[in-house]
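Trainee: My questions all concern the structure below.
The values are calculated or read from the model by the stated rules, or taken from the named source; none is laboratory data. Quick caveat: nothing in here was measured; it's all calculated off a predicted structure. Note: ideal-geometry Cβ built from the backbone for every residue, glycine included; neighbour counts use all protein chains shown. The protein model used for the area step is the full one, side chains on, heavy atoms only, and it has no ligands, DNA or RNA in it. Shrake-Rupley method; radii C 1.70, N 1.55, O 1.52, S 1.80 Å.
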Amino acid sequence: ISKYAQKLPARQQGMFLHLRHMTCQLIVNSNDPNGDNGILQLANCLDVAPRLETLHLHMLCAISSSFSSGEVAGMRRHDHLKTVFMSGFRCYKAQIELACCILRNASVLEQLIIEPRITDKVWAGDCSEWNTDLGQILPGVCEWAQVTSERFRKVISVVGASHHTTEASLAQ
């Protein structure tokens, strides 16, 4: 996704009625991953797959700043989405808005798994330079996961966190 790329239509035409599992790799070419960089357009794309059960979303973003738009307000309810995995999750504003939109609209979601690390398994080449700040990022991601888990009453797991902060879930 590039800030110069053409925006996707607000509502896609056609449906993927039998799509159950989807894996997406997003490279965000922007100096402002907190800005209106197109990540939120994915929420509109999810509307064309109403029976989606598993979403793996791998994101590679640039540096941070502060503006975002509310493009996801109209995302439809997902009654089949059970598992969402997001790698490259750094608590950028658009990532948080997309995650909250999914948590709000996925009625049977069993867990949201987030991994701040950008892995070589997904992206070709050495990704170590993208992960040098994980020690600084991880506490904020864990805190966000705990607060958001309580807010939406859903399990949010953080890959790479210490055991006591790995799974943020409500005691029921």
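Trainee: Look at residue 102 and say whether it is part of a helix (DSSP H, G or I) and under 9 Å from the mean Cα position of the chain (by Cα).
Mentor: So residue 102 fits the description; yes.
Trainee: Now for a separate question. From the residues in the range 113-148 that are among the aliphatic types (A, V, I, L, M) and within 12 Å of residue 86 (Cβ to Cβ), which one is nearest to the chain's Cα centre (by Cα)?
Mentor: 114
Trainee: Here's another thing I want to ask about it. Only residues that are more than 30 Å from residue 126 (Cβ to Cβ), among the aliphatic types (A, V, I, L, M), open to solvent by 30 Å² or more (accessible area, probe 1.4 Å) and modelled with pLDDT of 80 or more: list them for the range 6-62, please.
Mentor: 17, 19
Trainee: Can you find, within the range 87-108, the residue that is nearest to residue 51 (Cα to Cα) among those that are among the aliphatic types (A, V, I, L, M) and crowded, with 21+ Cβ neighbours inside 10 Å? Give the steps one after another, and end with the answer.
Mentor: Taking the range 87-108 first, the residues among the aliphatic types (A, V, I, L, M) are 94, 96, 98-99, 102-103, 106, 108.
With the extra rule that they be crowded, with 21+ Cβ neighbours inside 10 Å, the set shrinks to 94, 98-99, 102, 106.
Numbers: 94: 24, 98: 18, 99: 18, 102: 14, 106: 11 Å.
For the range 87-108, the residue satisfying everything is 106.
Trainee: Let me ask something else about it. Report yes if some residue within the range 145-152 is within 18 Å of residue 57 (Cα to Cα) and crowded, with 17+ Cβ neighbours inside 10 Å; otherwise report no.
Mentor: Taking every residue of the range 145-152 in turn, at least one turns out to be within 18 Å of residue 57 (Cα to Cα) and crowded, with 17+ Cβ neighbours inside 10 Å.
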